[in-house]
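The values are calculated or read from the model by the stated rules, or taken from the named source; none is laboratory data. A quick note: this is a predicted structure, and the numbers were derived from the prediction, not measured. When we count neighbours, we look across all protein chains shown, and the Cβ atoms used for this are built from the backbone with ideal geometry, even at glycine. The area values use the complete protein model at the heavy-atom level, side chains included, leaving out ligands, DNA and RNA. Shrake-Rupley method; radii C 1.70, N 1.55, O 1.52, S 1.80 Å.
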2 protein chains.
Amino acid sequence: MTPSNDVFFDFVCPYAWRGVELAQVLRQAGEQTFTLRHFSLVQGNHPDNAGQSEPVWWLTDQPAESGERFQQSSLLAFLAAGAAAKQGEEQSWDFTLALFRAVHAEKKPLDEDAVMAAARAAKLDLEQFSADRQDDEGLRASLRQDLAEAAGIGVFGTPTFVLPGGEAAYYRFENLTRELDTARQWWKLYGEVLHSGAGIATVKRAKNRPAKKAAHKELAQQTA
Amino acid sequence: MTPSNDVFFDFVCPYAWRGVELAQVLRQAGEQTFTLRHFSLVQGNHPDNAGQSEPVWWLTDQPAESGERFQQSSLLAFLAAGAAAKQGEEQSWDFTLALFRAVHAEKKPLDEDAVMAAARAAKLDLEQFSADRQDDEGLRASLRQDLAEAAGIGVFGTPTFVLPGGEAAYYRFENLTRELDTARQWWKLYGEVLHSGAGIATVKRAKNRPAKKAAHKELAQQTA
């Protein structure tokens, strides 16, 4: 078994969706292994956490119905994904991607209806899923582990991929692929940036980047 | 003549220094052409410009002695570099790199002494240099053109390289090279990221990135 990469994601983020799709292509081809990990953008960007060496505001400390829309929906999705993962690794990936696609390809709200539709799409045992979701305390403890590890690494956006050697970076790309050759190229390029002798810290397009506008258009066509 | 790349830089930025060194290696080998362009980090980060579609606060509108240290020293350096450039392209590069090295390799203050030392290192005609520096209005108008173009592109950090096709990105790396093979690889990787079908917007290491710490150490050894 090859050492696993981690992919940190938040269900509210369309870039994270494309990152997890990329990972799925590579793992289904048996070329890479990836572990799904949760990172909360609401927690990462929370004003109470600004300038702190570790978070003081945790998503896992918040009641389910508190906070604004992204806070509520991301907590709901993370806990549901934790319950789905109890049914096995393939079920975990299928649930995660079904939920991502509902929200970012089909533009549905990230809510209880979307969670249940993803559970059915992933062919979960729905009775078991419902029972596992009752363990709010256990699911929050598990989510907390991911959030704490992400904070330790300094994750700030999603998707962030962590390589077996510990290199970790936010990898934001505009386009979606489900083709192996393409996925392989995009993943290889990511590794080359992180392993370059230049010690690359950041490559980030200028804000009025014409290439990005073109890519957005292409994405809209691909996912139409 | 191959179409020219632009490199936007600010003298106060150590990453910009390494970027201009990289460009110099490639242009001296005749593999790429680069045009030196000025971008002001003080202007780019000025609170009055936050959220504005175009800058309202311009470095070129400020008296020489106003503002904090970076503001004063960057304006001084930009205007002096504009005067140096009047003596020719090689003189412009030699002056720019001599000033960068004084500040970021030798850790000298970016001030009038450093400017004059760079003028001597670049073998400028010092009388002419002094005369050209008197044209404050003309030098500011020329600087303003660079700053306005950078704002139009959405430059936010330095170095930002603009390729002949218009792709533009901040390229931050920790290490210094003056070797052609290495420079060629680092430049090729930058182009691959910008031209990838993924539509890469950002690759940015996580904040507590262990790879960066290692790179910093290596840099310190190289420039020691």
Members of segment A:7-31 that are crowded, with 22+ Cβ neighbours inside 10 Å and more than 10 Å from the chain's Cα centre (by Cα): A:LEU22, A:ALA23
Test: A:GLU106 is over 20 Å from A:PRO14 (Cβ atoms) and either hydrophobic (A, V, I, L, M, F, W, C) or exposed (fewer than 13 other Cβ atoms within 10 Å of the Cβ) (or both): no
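Conditions (1) at the interface with chain B (Cβ under 10 Å from one of its Cβ atoms); (2) in contact (Cβ under 8 Å) with a residue 40 or more places away in the chain; (3) farther than 19 Å from A:LEU26 by Cα, marked per residue:
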| residue | (1), (2), (3) |
| --- | --- |
| A:GLY154 | yes, no, yes |
| A:THR158 | no, yes, no |
| A:VAL162 | yes, yes, no |
| A:LEU176 | yes, yes, no |
| A:THR202 | yes, no, yes |
Qualifying residue in segment B:42-64 (condition: of a type in the set (Gly, Ala, Ser) and in contact with a strand residue (DSSP E or B) (Cβ under 9 Å, 6 or more places away or on another chain)): no
Given (1) polar (S, T, N, Q); (2) open to solvent by 70 Å² or more (accessible area, probe 1.4 Å); (3) within 25 Å of B:ALA85 (Cα to Cα); (4) within 21 Å of the chain's Cα centre (by Cα), index of the condition B:GLN185 fails: (3)
Residue satisfying condition, being hydrophobic (A, V, I, L, M, F, W, C) and surrounded by 15 or more Cβ atoms within 10 Å (Cβ to Cβ), within set A:LEU126, A:LEU143: A:LEU143
Any pair with Cβ under 8 angstrom, 6 or more apart, that starts in segment B:46-61 at a residue that is on the phi < 0 side of the Ramachandran plot and ends at one that is among the β-branched types (Val, Ile, Thr): B:ASP48/B:VAL56; B:ASN49/B:VAL56; B:LEU59/B:VAL42
Cβ pairs under 7 Å, 6+ apart, first in segment B:100-114 and within 15 Å of B:LEU176 (Cβ to Cβ), second at pLDDT below 95: B:ALA105/B:THR223
Test: residue in segment A:146-157 that is touching a Leu at 6+ places or on another chain (Cβ under 6 Å) and open to solvent by less than 20 Å² (accessible area, probe 1.4 Å): no
Residue count for segment B:51-85, restricted to those that are outside any helix (DSSP H, G or I) and open to solvent by 70 Å² or more (accessible area, probe 1.4 Å): 8
Some residue of segment A:179-196 being outside any helix (DSSP H, G or I) and on the phi > 0 side of the Ramachandran plot: no
Criterion (more than 16 Å from A:ALA150 (Cα to Cα), at pLDDT 95 or above and crowded, with 18+ Cβ neighbours inside 10 Å) met by exactly one of A:SER92, A:SER40: A:SER92
